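Heads up, the thing below is written out as structure tokens.
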């Protein structure tokens, strides 16, 4: 009974983690569409308008809380499941398991840690400025709100920041590559008819989304 409960609990954690992962992947697409506004030759006005809307709209602000909660929960579940996996096999088996394991699945916890580092840097440069916990590298707007367009343009004009940003986004791409397919497998959507499509779509997503983010610092570097 106790063993069955623990087994069910583990499956439940994986389902929650997969669902939150797909939710965060959707947010990445929305966030990218806003970031691409920086590529317009308008001094960041489109981006500034979008940032103002997101910072003043109560629905968006409520969604922001859900987003942070979802990400924190996703990270905690990942750590718990990984620790449980390590503790269940403290010593390597003498005979290698012949079941093929996707290469990136072995390193999901590490690519996830890199993504977490990226989020901390991102929050330090944007969210913490909005909360007034750190100073802004550029003057605030007349309305008293942070000039996030100015902050983004300033940061991407720094070669060191742009290079670190690109490296972290590449790690995000590796994380997404396995996470997308693993999420659908967790939901039981693993079938010879549509699994190849899910795999191809996941590969495209893991390439196009990070590439979209990388284009922005490259634009300012080159």
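One residue stands out in region 6-46 among those that are surrounded by fewer than 13 Cβ atoms within 10 Å (Cβ to Cβ) and touching a helix residue (DSSP H, G or I) at 6+ places or on another chain (Cβ under 7 Å): the one that is modelled with the highest pLDDT, namely 29.
Taking the listed residues 177, 165, 161, the one that is in a helix (DSSP H, G or I), under 16 Å from the mean Cα position of the chain (by Cα) and farther than 24 Å from residue 77 by Cα is 165, with no other qualifying. Only a single item in (1) crowded, with 16+ Cβ neighbours inside 10 Å; (2) at pLDDT 80 or above; (3) under 24 Å from residue 22 (Cα atoms) is not met by residue 104, and it is number (2).
Residues that are assigned to a helix (DSSP H, G or I), under 20 Å from the mean Cα position of the chain (by Cα), in contact (Cβ under 8 Å) with a residue 40 or more places away in the chain and over 26 Å from residue 73 (Cβ atoms) are absent from region 189-202 altogether.
If you go through region 139-185 and keep only what is farther than 30 Å from residue 16 by Cβ, modelled with pLDDT under 90 and surrounded by fewer than 18 Cβ atoms within 10 Å (Cβ to Cβ), you end up with 139, 140, 141, 142, 143, 144, 145.
Can you name every residue in region 120-138 that is part of a helix (DSSP H, G or I), at pLDDT 85 or above and either surrounded by fewer than 17 Cβ atoms within 10 Å (Cβ to Cβ) or in contact with a strand residue (DSSP E or B) (Cβ under 9 Å, 6 or more places away or on another chain) (or both)? Selection gives 120, 121, 122, 123, 124, 128.
The values are calculated or read from the model by the stated rules, or taken from the named source; none is laboratory data. Since the structure is predicted, the reported quantities are computational estimates derived from the model, not experimental observations. Methodologically, a virtual Cβ is constructed for each residue, glycine included, from the backbone with ideal geometry; neighbour enumeration extends over all protein chains shown.
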